[in-house]
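A.B. asks: Here you go, one structure.
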Amino acid sequence: MPLPIRRTILAAVAAAACAAVIIPAQAAKPLTIGFSQVGAESEWRTANTASIKAAAKQAGVNLKFADAQQQQQNQVKAIRSFIAQRVDVIAFSPVVETGWETVLREAKNAKIPVILTDRSVKVSDPSLYVSFIGSDFVEEGRRAGRWLLDYAKKNPNKALNIVELQGTVGSAPATDRKTGFAEVIAGNPKLKIIRSQTGDFTRAKGKEVMEAFLKSEGKNINVLFAHNDDMAIGAIQAIEEAGLKPGKDIVIVSIDGVRGAFEAMMQGKLNVTVECNPLLGPTLVQTAQSVVAGKPVPKRITVDEGVFPAEAAAKEFPNRKY
Ligand code: AHR
């Protein structure tokens, strides 16, 4: 090769090497997750929100958080806004199970993966979301029912008329917990649900509906099955105001395992709580990172949960994280 050409090539190689050194390394773009939360209706929900925010912060994720105040239309609006902002992943805990096809298709067409947390949806096309992270609500209802079956066995002479405080109408936990509980108590004809109404997963509504139950049924009520601890805590107030002893005159079975329920159990006012784990933040962040990295993720990720009767409350209380 003639010398001038060789010099030119060497100069070009040296310039390229210098350029490679001088150009600053581009910082990796942080992952952006748009998250639509149900609301702030319960102690459980507060813990769930805190878990998601903390996990995002720890992983350096840019979290766009929207509170739907228990309204499906607010969630649809939030999801559309996340699509318009071109977030990397959309996650949400659906207020109710149905009515999601259109907006989920819009997300799919925009090539934005959707992860469901806590509550699932009913859709004809399962490819509209990539993964569900949460609890087995039917099993939670069964666990509540099994505890009551056992109680009935130990107390064969007691009447066991049940009133039920349901969660939000059309939500997965309300439908599934009712199904699981009914399936199990069907094994004992003495266990009868005499009244059942929604308390929308809140303390205020739980109290209001329990007051109405007490007014119409009075001392006919032996058991309360509440679909969450907050409604049970509201109902406890109503029972006390009616001059009865919660946990004794009326046996109370509820779901979630929040600290408030443990406090009520330690005071002898609640008989058992079936755990529903709200600490889904770290799994959500990991799943979103895997999805964006093109790694396969399980379609359904469920969490391990226990059952805590009042006798175990004092020992377990110091270990509770929510
Ligand atoms: O979806 C989970 C349920 O929603 C929890 O049991 C309840 O407390 C919350 O509001």
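What follows is calculated from the coordinates using simple rules that are stated; it is not laboratory data. What you see is a predicted model; the values in this text were computed from it and never measured. Cβ atoms come from the backbone with ideal geometry, glycine included; neighbour counts cover every protein chain shown.
A.B. asks: Quick check on the chain: of the DSSP beta bridges with both residues there, what percent are antiparallel, nearest 5%?
C.D. replies: 5
A.B. asks: Still on this structure, I have one more. Quick check on packing: order 266-273, 297-304 by the mean number of other C-beta atoms within 10 Å, highest mean leading.
C.D. replies: 266-273, 297-304
A.B. asks: Oh, and also: For the range 137-276, report the translational diffusion coefficient in µm²/s to the nearest whole number, using Stokes-Einstein at 25 °C, 0.890 mPa s, and a Kirkwood Rh over Cα pairs.
C.D. replies: 172
A.B. asks: For residue 190, go through the aspartates and glutamates and keep the ones whose alpha-carbon is under 14 Å away, minus same-chain ones fewer than eight residues off.
C.D. replies: Correct list for residue 190: 150.
A.B. asks: So what's the projected area for the range 58-159, the Cα convex hull averaged over all directions, in nm²?
C.D. replies: 9.7
A.B. asks: Translational diffusion coefficient, Stokes-Einstein: compute it for the range 166-234 using the Kirkwood radius over C-alpha pairs as Rh, at 25 °C and 0.890 mPa s, and state it as an integer in µm² s⁻¹.
C.D. replies: Value of D from the Cα-based Kirkwood radius: 197 µm²/s.
A.B. asks: Please find, in a Gaussian network model of the chain (springs between Cα atoms separated by less than 10 Å), the residue of 115, 193, 255 whose mean-square fluctuation is greatest.
C.D. replies: Answer for the Gaussian network model of the chain: 193.
A.B. asks: Among the lysines, which fall within straight-line cross-link reach of residue 29, defined as a Cα-Cα distance under 28 Å, with same-chain neighbours fewer than 8 residues apart omitted?
C.D. replies: Reachable lysines: 53, 57, 64, 77, 108, 111, 295, 299.
A.B. asks: Angle check, please: helix 203-217 long axis (alpha carbons) against the longest principal axis of the chain (alpha carbons), in degrees 0 to 90, nearest 10.
C.D. replies: Between the helix axis and the principal axis of the chain, the angle is about 20 degrees.
A.B. asks: Follow-up question, since we're still on this one. In square nanometres and to one decimal, what's the mean projected area of the convex hull around the Cα atoms of the range 32-79?
C.D. replies: 3.0
A.B. asks: Additional query: For the chain, how big is the tail of P(r) above 39 Å, as a whole percent of Cα pairs?
C.D. replies: 26
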